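The values are calculated or read from the model by the stated rules, or taken from the named source; none is laboratory data. Nothing here was measured: the structure is a model prediction, and the numbers come from that model. Note that each Cβ is placed from the backbone with ideal geometry, even for glycine, and that neighbours are counted across all protein chains shown. Note: accessible area is taken over every heavy atom of the protein model, side chains too, but ligands, DNA and RNA are not part of it. Shrake-Rupley method; radii C 1.70, N 1.55, O 1.52, S 1.80 Å.
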Amino acid sequence: MKFTKTFTDPRSSARCGLLETGHGVISTPIFMPVGTVGSVKGVYHRDLKEDIGAEIILGNTYHLYLRPGLDTLKAAGGLHKFESWDRPILTDSGGFQIFSLTGIRKLTSEGCTFQSHIDGSRHTFTPENNVDTQRIIGADIMMALDECCPGDADHAYASKSLHLTKNWLERFAKRFGETEPLYGYDQTFFPIIQGCTYPDLRTEALEHALNYADAGIAIGGLAVGEPTEKMYEMLELVCPQLPSDGVARYLMGVGTPANLLEAISRGVDMFDCVMPTRNGRNGMLFTWNGVMNMRNAKWENDFSELDPSGTSFVDHNYSKAYLRHLFIAGEMFAAMIASEHNLAFYLDVVRQARIHIEAGDFSSWKDEAVRRITSRI
């Protein structure tokens with residue numbers, strides 16, 4: 001697997017690149033739709049490819065391990081075949097789910113013991129069996145097992161957490177090197193830079209993680225409750241210390257369209273977030289002209305196109321009045337339309353970013369784009 005930088009914006013740290021995987025080449029900057037349990041909620045894979053333009057999607061190790069389970073995934077030939085997706089897949093190690101299971105999990109130097117949110121059964125993730133699990137899932141890009149530190153953690157806790165993550169990374173890398181892909185194509189893994197919002201810990205984490213970086217590295221723990229300004233501050237600290245080429249930079253779990261553009265300007269290449277589908281299911285649409293609440297009465301008799309500037313077929317085939325009606329009526333089709341629109345918009349955001357980076361005018365375009373997309377319609 002290989003990452004190659006192709007363009008750099010002359011007035012910022014924004015860049016374009018190509019990430020080569022066993023299931024295709026990914027153009028960066030890129031947004032990756034979240035398909036936690038083997039599906040992106042409410043969206044056909046056909047539409048992910050042909051309408052939305054998704055080049056890579058996510059799966060989640062924690063959820064897939066519990067259901068459908070490793071026996072089923074292995075019998076299917078891996079997640080790609082199980083869910084009929086022939087483009088790249090990235091899997092989270094389950095570290096964020098471990099973070100969110102506070103109260104029903106226990107962390108030790110060995111690993112994490114937790115209770116299933118489904119039936120209360122007890123399980124343990126170690127760096128070693130986490131590698132084995134992700135080998136069976138068969139993702140092109142695997143994430144190293146880490147502890148996602150709370151955004152408001154004090155320095156002492158964040159330091160202890162980082163020590164655990166570093167230890168787990170060393171063991172994860174060792175097990176990865178001792179095992180082979182199961183399905184005939186290469187896999188790689190990204191180490192994760194943690195350290196909360198403490199510059200000394202972030203730098204320590206970065207220096208350690210670089211020892212294990214191949215084609216990419218992830219920046220974690222910046223979508224867990226800390227102020228947005230702190231996230232940008234940490235990116236401004238971390239990104240300049242990363243290799244200028246050869247290593248893709250993945251900001252985990254972020255964020256709004258404006259967050260994406262601001263992070264791209266600071267040198268980030270890859271993103272994922274549940275926001276486009278989760279907010280879409282609740283009636284929020286992101287557009288180039290601002291954010292729309294489709295439950296508002298103002299749309300009741302607005303029969304204009306859903307989004308004249310949109311790139312999805314739903315934008316031009318359905319009206320604002322129709323989508324509002326579906327939401328008010330509680331129809332599941334409303335969530336499907338909104339999710340399709342939002343994902344297409346997110347992919348258009350990174351597509352336009354690539355165009356303007358290559359054109360050399362990304363910085364001025366970004367400032368105006370952020371102003372527009374953060375307004376309310």
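Add +1 for every Lys or Arg and -1 for every Asp or Glu among the other residues with Cβ under 11 Å from the Cβ of Met270, and state the total.
Within the 11 Å Cβ shell, the charges total -2.
Apply 1/(1 + (r/R0)^6) to the Cβ-Cβ distance of Glu305 and Tyr44, taking R0 = 25 Å, and write down the FRET efficiency to the nearest 0.05.
0.70
Taking the alpha-carbon centroid of each part, what is the distance from the range 231-255 to the range 1-63 in angstrom?
Answer, in whole Å: 16.
What fraction of the DSSP beta bridges in the chain is antiparallel, stated in percent and rounded to the nearest 5?
Close to 50 percent.
As an exercise, use a Förster radius of 35 Å and the Cβ-Cβ distance of Lys160 and Lys74 to find the FRET efficiency, rounded to the nearest 0.05.
0.45
For Arg281, Arg202, give the ranking by accessible area with the largest first, probe 1.4 Å.
Arg281, Arg202
Amide H neighbours of Thr8 under 5 Å, at least 5 residues apart or on other chains, H built in the peptide plane: list them.
Answer set, sorted by chain and number: Cys16.
Would you kindly derive the ³J(HN,Hα) couplings of the range 184-189 from the backbone phi angles with the Karplus curve 6.51 cos²θ - 1.76 cosθ + 1.60 (θ = phi - 60°), listing them in order in whole Hz, with x for Gly and Pro?
Working through the residues one at a time gives x, 9, 6, 10, 10, 9 Hz.
Taking 7 Å along the Cα-to-C-beta vector as the label spot, tell me the Asp361-Lys174 distance in nanometres, rounded to one decimal.
5.5
Protein chains only, probe 1.4 Å: how do Ile118, Ile52 rank by accessible area, largest first?
Largest accessible area first, the list is Ile118, Ile52.
Roughly what would the spin-label model give for Ala297 and Ala329, points 7 Å off Cα along C-beta, in nm?
2.1
In deg cm²/dmol and to the nearest 500, what is the mean residue ellipticity at 222 nm of the chain if only DSSP H runs of at least 4 residues count, each as -39500 (n - 2.57), divided by the residue total?
Estimated from H runs of four or more residues: -12000 deg cm²/dmol.
Could you work out the Rg to Rh ratio of the range 296-377, with Rh taken as the Kirkwood radius (inverse of the mean 1/r over all Cα pairs)?
1.06
Among [x] 1.03; [y] 1.08; [z] 0.97, only one was calculated for this model; which label is it, if the read-out is Cα Rg over 2.2 N^0.38 Å?
Checking each listed value against the structure points to [z].
Distance from the Cα centre of the range 324-377 to that of the range 265-293, in angstrom?
Value for the Cα centre distance between the two parts: 6 Å.
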